[in-house]
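Quick notes on the structure that follows.
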């Protein structure tokens, strides 16, 4: 739809261009404009430094004057006049402060200097705001000119401090004294000290006039403190004090802003006088020993860190080695301490190892020093420590010591014993004793836990090799097979009237035992023959070799008192006689015909029955019994006596004597030891 009156076919009018033409006459400033403007600016600068405001003019008006002067190319002249005015102001400022400083002591001088510098810095910032256009246009564009702020600081350095050496020296001396007083714990306005140090750094006077005096005062202070504090404080407190001093100096340098300038030198002085100078006292005169004996982990960690700062960790390694050697040698070399030697060595190793792994951060050099020290002192007595470690493990694995205890605790104690075993050079001695003790535990049923025995064998496989571990596993397998064999023999009824148990052992696995020719009584010989016949039916081609020396006999008997009291309170109390070998059982039929024989008579009789006679011992607490029976007891584990009410009985069980450790001889034959229960032929 076309609106009425629309102009159709006409071209739109072209836009009119606006042209800006320059003035026909160039604008100029009045002839006296610069002088009038500078007078206002100079008055404002003087008023600012005189704490009288801006001289009656606003900051905006002053800013405009500077802008106009810079725009009309009066910037250079303005900058020259401004710097001359500021220089005259700072000259007067320095003279006034120097005159006042003659009457001020240290703290008040620092306060006056701080006040002057703080006001001068504030005034300089305000002047820079007024002349900001000059600073950002002319000064930046002109080479060899510095900013108004840097120029103002240079004027303070030149006319306030450098022009008055006595004033500068007094400020620096009071400042160093204030820092020393702060270190000594006296009350000091630390904020003023911090501001003045920062002032000297900003004025570039610190390195030339302050640093040397500051470092010398630091050296003198810590040289004196290092020789006194260690005597006044105990070693743990002294170590904490040194660590606190290092932290304190680091924080002080950070507050002063002088970490890059003096930080390394100041902290090196602290390390030198408080740590390095006392290393010998701390490590060699009993200080380290006290910390280790008391297991003071926190002071030890501090000591480790401090010695690391002065590269004294090799001295710490030497001290640790000396401590462990002296302590361990005192334990090992004293035969009177053999009973508790292993426990004491485990306690020493556990305590020192906890220090190495904790405070000493598993330092490999210290760990090697610990290992070297243990290897040195634990082999002082050659084979004795190895034997005692084997006995220690035997005690733990016996049912009397380990039964009912937590298995993890038991294995932990065994691991502690193995840790000592690794330092022993005579590992073959340990193997011989451990094998002998394991045999005794297996034959007598004294093991606390089969799982613990197997776990120990697995550990010994890693330490002693598979050959030794295979023999131990073979011994344990023999015991299991013997149980199955005796169960089968009992079920067959071949020995229904006799309770007898025989262990069938492989000679290649078990220790070597001395051979004895024993003349068994007919009743005992019959039981042995029955079992041997049963075994041949199960295993043809094998030969059984009976080791009667492994058997023990417990004899329970009631002796008449014969009119005399055998016990302090009851004369009719039954007596018990312990027979530890099968040889003693062989003498019992003869005892009825020789009631008055002495121990010597029984020894002579025993020499006819046994080629290698065991050591005799008389029956305990029965010196005048009507039946005098000579008995023998094992020196290692004497059997417990049993009692019967009317008849005497014997019970033999497999046991182990205490032979000298020797290497087993390989053999293809089998060794059998018996355990039987049967009544005596006569009472």
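Laboratory data are not the source of any read-out in this text; all were calculated from the coordinates shown. Not measured: the values here are computed from a predicted model. Note: ideal-geometry Cβ built from the backbone for every residue, glycine included; neighbour counts use all protein chains shown.
Worth pointing out:
- Point-to-point label distance, residue 347-residue 470, nm (Cα→Cβ direction, 7 Å offset): 4.2 nm
- Fewest neighbouring Cβ atoms within 10 Å first, the residues 125, 505 line up as 125, 505.
- The modelled label-to-label distance for the pair residue 462/residue 128, using points 7 Å beyond Cα in the direction of Cβ, is 6.9 nm.
- Distance in nm between pseudo-label sites at residue 488 and residue 451 (7 Å out along the Cβ direction from Cα): 3.0 nm
- Computed on the stretch 33-171, with alpha-carbon pairs under 8 angstrom and 6+ residues apart, the relative contact order is 31 percent.
- Note on residue 540 and residue 318: with the Förster distance fixed at 41 Å, the Cβ-Cβ geometry gives a FRET efficiency of about 0.05.
- FRET efficiency, residue 61 to residue 121 (Cβ-Cβ, R0 22 Å, nearest 0.05): 0.35
- Legend: P(r) of the stretch 33-171 from all alpha carbon pair distances, 5 Å bins from 0, whole percents, reading 2, 10, 20, 21, 17, 13, 9, 6, 3, 1, 0.
- Gain in span if fully extended, residue 427 to residue 177, counting 0.36 nm per residue against the direct Cα distance: 83.3 nm
- Applying 1/(1 + (r/R0)^6) with r as the Cβ-Cβ distance of residue 100 and residue 28 and R0 = 51 angstrom yields a FRET efficiency of 0.55.
- Length gained on full extension, residue 136 to residue 76: 20.3 nm, using 0.36 nm per residue less the C-alpha separation.
- Centre separation in Å (Cα based) which lies between the stretch 16-47 and the stretch 337-378: 90 Å
- Chain lengthening between residue 259 and residue 184 when straightened (0.36 nm per residue, less Cα-Cα): 24.9 nm
- Here the stretch 238-270 is scanned for amide nitrogen atoms under 16 Å from the site 7 Å beyond the Cα of residue 198 along Cα-to-Cβ, giving 251-260.
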